[in-house]
Amino acid sequence: MIMQKIREAERTNTFSEYKDRVGDIVNGTVSAITHKDTYVMVGKTEMVMPNKERIPTEEYQVGDPIRAIVLKVEQDAKGPSVIISRASNKFIEALFRLEVSEISDGVVELVSVARDPGYRSKISVRTMDEKVDPVGACVGLRGARVRNIVRELNGEKIDIVRWSDDVKSYVTQALAPAKLESVEVDPDQDNT
């Protein structure tokens with residue numbers, strides 16, 4: 001009876017500790033791998049990374065260090081479960097917030113992220129401060145900032161595009177290095 005109460009208290013602590021940390025990056029160690037899930041120990045908490053939240057090009061072994069984002073905390077019959085992800089767009093956003101001080105300070109805004117996990121990501125950034133180059137801030141001196149993120153993602157390519165309200169120039173930048181023959185904008189559509 002006492003052991004059951006202790007386990008219930010631990011589950012309650014897990015839920016209350018992580019329910020407010022959704023969107024935070026956690027560091028852990030792979031503790032088990034099944035055909036559909038990867039289990040990661042973060043401190044004393046075992047978290048679950050479902051197969052769809054893994055980067056498809058990555059292979060894990062028990063004991064490997066791993067970094068992921070807390071995607072959601074669910075309360076079910078077996079107790080709370082903490083779901084983590086490396087394939088989510090939010091993981092890229094969190095890595096850029098950690099690595100680029102201008103984003104965490106609010107000088108540079110990360111507008112959107114499009115991602116094919118393990119292969120390529122495109123992010124668009126903008127700033128209201130004319131003295132700051134948002135793309136340069138994300139790339140860093142000699143590419144140091146973006147290189148750290150690419151290393152964390154095991155070589156995933158990252159394209160950083162300056163956001164523009166002008167749809168034609170934005171699309172041209174986003175699809176670079178491809179040369180566009182023409183860009184047509186439907187005047188009846190909302191361009192946001």
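Structure notes:
- A simple rule links phi to the HN-Hα coupling: the Karplus curve 6.51 cos²θ - 1.76 cosθ + 1.60 with θ = phi - 60°, which for the range 62-75 gives 4, x, 5, x, 8, 10, 8, 9, 6, 8, 7, 10, 10, 10 Hz, with x for Gly and Pro.
- The lysine pair tally for the range 84-192, using Cα distances under 22 Å and a gap of 8 or more places or different chains, is 7.
- Here K52 is the anchor, and the aspartates and glutamates within straight C-alpha reach of less than 16 Å, apart from those fewer than 8 places off in the same chain, are D37, D116.
- Hydrodynamic radius of the range 54-97 per Kirkwood, over alpha carbon pairs, in Å: 12.1
- Here the range 32-86 yields Rg over Rh of 0.94, to two decimals, using C-alpha coordinates and the Kirkwood radius.
- The equivalent ellipsoid of the range 1-117 has semi-axes of 28, 18, 12 Å, largest first, where each one is the square root of 5 times an eigenvalue of the Cα gyration tensor.
- Across q = 0.10, 0.16, 0.18 Å⁻¹, the range 40-192 modelled as identical point scatterers on its alpha-carbon atoms has Debye log10 I(q)/I(0) values of -0.45, -0.97, -1.13, in the order of the q list.
- In the chain, the calculated helix contribution to ellipticity at 222 nm averages -8500 deg cm²/dmol per residue, counting -39,500 (n - 2.57) for every DSSP H run with n ≥ 4.
- The ellipsoid equivalent to the alpha-carbon distribution of the range 1-69 has semi-axes of 25, 15, 10 angstrom, derived from the gyration tensor eigenvalues as √(5λ) and listed largest first.
- For the range 71-149, carbon and sulfur atoms together expose 49% of the accessible surface, with a 1.4 angstrom probe and every protein chain in place.
The values are calculated or read from the model by the stated rules, or taken from the named source; none is laboratory data. This one's a predicted model, so the numbers in the text were calculated from it and none came from an experiment. With ligands, DNA and RNA removed, areas are computed over all heavy atoms of the protein, side chains included. Shrake-Rupley method; radii C 1.70, N 1.55, O 1.52, S 1.80 Å.
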